[in-house]
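The values are calculated or read from the model by the stated rules, or taken from the named source; none is laboratory data. Remember, predicted model here, so these are calculated numbers, not experimental data. No Cβ is skipped: glycine too gets one built from the backbone with ideal geometry, and neighbour counts run over all protein chains shown. These accessible areas exclude ligands, DNA and RNA; they are computed on the full protein's heavy atoms, side chains included. Shrake-Rupley method; radii C 1.70, N 1.55, O 1.52, S 1.80 Å.
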Amino acid sequence: MKFFGEHLLPGQLGHFFIILSLVASIVATYAYFKATRAQMGPEADNWKKLARYAFITETISVLAIFSILFFIIYNHYFEYQYAWKHSSRSLEFKFLLACFWEGQEGSFLLWSLWHCILGLVLMRTAGKWESPVMTIISFTQVCIATMVMGIYFGDFRVGSNPFLLMRDSGLYDNAPFMHINGDLAQPIRLDYLSYIKDGNDLNPLLQNRWMVIHPPVLFLGFASTIVPFAFAIAGLWQKKFTEWTKAALPWTLFSTAIFGVGIMMGAWWAYESLTFGGYWAWDPVENASLVPWLILVSGVHTLLIFNHTGHSLRATYLFLLLGFSFVLYSTYLTRSGVLGEASVHSFTGDGMGYQLTFFLLVLVIPALILFISRYKSIPTIKKEEQTSSREFWMFIGSLIFFFAALIIIGKTSLPVFNKIFGTQIAAPEDGEFAYNQIQIFVAIFIGILTAVTQYLKYKSTPAKFFLKKIMVPTIISAVAATLVLTYGDINYNRQSYGFLIQIWVAVVCAIYAIIANAAYIWLGIKGKLALSGGSIAHVGFGMVLLGILLSSSKKEIMSYNTSGIPKDFFGKNSKEKPGENLTLVKGMPMTMGKFDVTYTGDSAHPKKQQWYFNIHFKSRTDNEEFTLRPNAFVNYKGNEGLMANPDSKHYPDHDIFTYVSALPNKEKVLDTATFASHKVAVGDSIFYSQGVLILESLTSRSNLPVAGLNPGDQGTVAKLRAFSFNKSSYAAQPLLISAGGQQVSLPDTIMPLSLIVKINSVDGQTADIGVKESDAILDFVTLKAYKFPFINLLWLGIVITATGIFISMARRIKLNRLTKES
């Protein structure tokens with residue numbers, strides 16, 4: 001049967017290219033495998049030629065799938081479930097790419113696309129390692145291709161197809177408009193698309209500029225870890241245990257840099273989009289991405305040790321194999337649904353848990369078996385490293401990173417442990433501190449090792465030489481650290497005093513790492529930029545540590561409640577503390593630190609339930625003033641409440657970070673309150689829920705400046721003073737007008753107290769005062785504001801770390817080329 005309005009050609013082409021990509025990746029895997037077995041000669045060349053054609057075909061297919069799916073999203077073809085589920089007509093163009101990788105299928109395609117691009121580079125640069133390395137990459141592409149197949153074998157589904165039509169998705173099987181006369185036995189109506197007016201939209205938390213660039217960079221980091229993994233497998237497979245290391249080192253450095261930048265882009269997204277007041281919350285998915293990076297860092301350092309001394313080759317194999325293995329494990333954690341609601345990042349299960357488990361096991365188990373079976377054949381130097389050598393302490397640092405990663409993944413895997421063993425072990429109540437109390441020691445040890453290790457020589461270092469070189473940086477660091485601790489006001493009071501001391505020690509070590517590595521660029525390598533990649537990276541890493549410590553330990557709450565509005569606008573399950581949130585009544589300045597802060601107005605998105613709030617800051621100590629525009633999705637897509645997006649003011653040494661934490665629900669608030677009558681004389685009190693009203697005076701007036709009154713009309717003004725329980729006071733002056741033989745009451749409103757007062761009648765110095773308390777009159781926003789000191793030190797440190805790693809990578813590539821030419 002034919003359906004009106006459907007655009008079937010893009011989906012049909014998409015299906016074709018999915019099948020073609022799977023077939024091409026299978027052919028490439030087999031052909032590269034045969035070329036590896038043949039090793040050299042015409043047979044190997046012929047197989048390699050076929051493999052290259054197949055891999056290029058696979059690359060074209062993945063590009064075609066990527067382009068077709070984006071074409072469907074861009075044109076709002078909501079007959080396709082993926083476009084309907086992840087996009088809408090109201091989305092700005094910049095977020096359409098974010099729609100692409102919000103879902104499982106799109107993110108797998110992004111991963112596959114990066115593998116294709118990396119594979120094309122390896123085809124040109126890997127030389128004799130092309131066939132074994134590309135065998136591994138092509139086989140991984142087979143596994144990823146099955147993730148977007150969407151084919152059923154009985155009741156078991158292999159993959160999830162991004163080109164599935166809405167009428168085949170099951171979402172509307174029981175909807176009346178899918179059936180003639182509501183009879184399920186009748187054919188489907190031909191015009192069902194006329195009922196699907198718009199898509200489900202992109203998750204509001206993902207409607208942020210960082211979600212356009214963060215996932216591609218992070219997935220490039222994910223994808224790139226397969227290259228050192230594949231080189232290690234190739235060395236074990238061909239029993240060429242040492243030859244691959246020089247070719248793998250630049251790739252390992254590249255993967256470390258890109259992966260780290262991708263992770264921290266995610267931290268910046270969390271800082272800008274989430275409202276927990278920071279950039280890292282030890283979320284399970286954050287942890288799952290951090291763990292393979294930590295192991296990869298260990299692998300980089302042991303690879304350097306081996307290339308300089310011949311030590312640590314077995315450890316290098318282990319770290320590089322586990323780096324990619326934990327990327328696969330993080331994929332399982334993120335996408336299988338095992339985390340449930342433990343993470344804001346995780347996907348729902350979508351029935352792919354078993355396939356993801358197979359994906360993990362089919363790549364990791366053979367790799368580990370191969371490593372174990374060849375372990376004794378891997379060359380090792382029996383002589384132990386001297387404790388005065390650079391390689392000894394580099395290896396200690398690698399082990400610290402590795403064990404830190406194991407601790408993090410162990411805590412993160414608690415839901416998996418509970419699922420496998422049927423236990424119900426609960427996570428710690430203070431999950432953040434459970435990680436911090438261990439990782440603070442990692443920061444201390446790594447800070448010290450980062451500072452001193454480069455001053456040691458490989459194999460052995462005379463004590464006199466070491467002390468002479470390290471003396472000046474140590475003295476400068478001690479002075480700088482003393483000044484920071486003395487005048488930096490680092491007083492983290494959320495935990496015990498012992499933890500504060502640990503933070504102080506970590507700050508000292510981070511400063512030591514920065515100064516010692518910066519000094520080494522001149523003391524150790526005489527300012528030669530090409531040789532300074534490691535030192536620059538370590539300077540950046542020290543800045544990252546210091547930025548984390550200072551921004552977290554010195555984070556200040558600015559929005560303490562000084563508004564005179566004691567109400568708690570938060571729900572029972574909210575983690576917000578009313579005393580740390582400042583309620584701003586529209587047009588009324590409130591004090592926040594050195595600023596007078598005013599809610600000046602708001603505006604709405606023209607196509608969705610998103611509101612932008614103008615919050616004006618004006619300094620009382622200088623001429624500084626600025627406006628922040630935090631926004632929030634209000635009661636969006638059936639989700640009651642608000643989903644806030646912060647806004648920040650950036651300074652060189654700190655950020656002011658704000659978000660809207662509560663709003664009046666104008667859709668639900670009805671003004672059902674009535675005026676309560678109180679007969680009082682001048683000087684009497686009227687009690688209300690938040691304090692007391694005092695009638696200070698009753699004054700008769702004529703010639704009132706009120707529109708529509710004649711010169712002879714009379715009126716009475718009641719001067720009232722309202723005192724709230726928090727000692728704030730406000731004035732009100734309601735009017736009672738006698739005009740044309742009738743009495744008209746003109747109320748007055750005290751906005752901060754949600755209070756309306758009016759005069760019902762007057763008898764001399766006695767009056768009948770009506771008082772009404774109503775939330776309906778209050779136009780306000782409740783704001784949470786933090787001050788993050790030195791957070792830019794963290795972001796700058798990331799850039800410098802990546803820059804240093806890329807400098808080291810470029811040097812290694814140059815050395816490899818010179819070696820090849822010679």
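Tabulated data for the structure shown
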| read-out | value |
| --- | --- |
| The range 44-113: trypsin sites (Lys or Arg not before Pro) in DSSP coil with no more than 13 other Cβ atoms inside 10 Å | Arg89 |
| Between the range 366-435 and the range 589-629, the Cα center-to-center distance that results, in Å | 48 Å |
| Within the range 40-58, backbone nitrogen closer than 18 Å to the virtual label 7 Å beyond the Cα of Val23 toward Cβ | 50-58 |
| Within the accessible area of the chain (1.4 Å probe), percent carbon and sulfur | 61 percent |
| Peptides ranked, highest mean first, by Cβ atoms within 10 Å: ranges 692-701, 397-406 | 397-406, 692-701 |
| Within the chain, helix-based [θ] at 222 nm, where runs of 4 or more DSSP H residues each add -39,500 (n - 2.57), nearest 500 | -17000 deg cm²/dmol |
| Förster radius 41 Å - calculated FRET efficiency between Gln765 and Lys575, Cβ distance, rounded to 0.05 | 0.20 |
| Degrees separating the helix 42-74 axis from the principal Cα axis of the chain, which is the longest one | 10 degrees |
| Packing-based order for 471-477, 713-719, using average beta carbon neighbours within 10 Å, highest first | 713-719, 471-477 |
| Exceeding the 30 Å Cα-Cα cut-off - candidates Lys555/Lys618; Lys586/Lys607; Lys607/Lys758; Lys128/Lys814; Lys246/Lys468; Lys34/Lys246 | Lys607/Lys758; Lys246/Lys468 |
| Ordering of 742-748, 449-455 by packing [mean C-beta count within 10 Å, highest first] | 449-455, 742-748 |
| Two-site label geometry, Ile369 and Thr387: point separation in nm, points 7 Å out along Cα→Cβ | 4.3 nm |
| Accessible area per residue in Å² at 1.4 Å probe, computed on the range 1-128 | 46 Å² |
| Area of Lys586 that stays accessible when all protein chains are in place (1.4 Å probe, Å², to 10) | 80 Å² |
| Full-stretch length increase - Gln714, Phe626 - with 0.36 nm per residue and alpha-carbon distance subtracted | 27.1 nm |
| Assigned charges on the beta-carbon of Lys, Arg, Asp, Glu; the chain dipole about Cα centre (debye) | 3680 debye |
| Rounded D (µm²/s) - the range 231-272, Kirkwood Rh over Cα pairs, Stokes-Einstein at 37 °C, 0.692 mPa s | 272 µm²/s |
| Crossing angle, helix 210-224 versus the chain [Cα axis fit, 0-90 degrees, rounded to tens] | 20 degrees |
| Efficiency of FRET between Val479 and Phe687 - r from beta-carbon atoms, R0 51 angstrom, step 0.05 | 0.25 |
| Nitroxide proxy distance, nm - points 7 Å out along Cα→Cβ at Asp198 and Thr699 | 5.3 nm |
| Under 5 Å, built H, 5+ apart or other chain: amide partners of Phe163 | none |
| Degrees separating the helix 431-452 axis from the principal Cα axis of the chain, which is the longest one | 50 degrees |
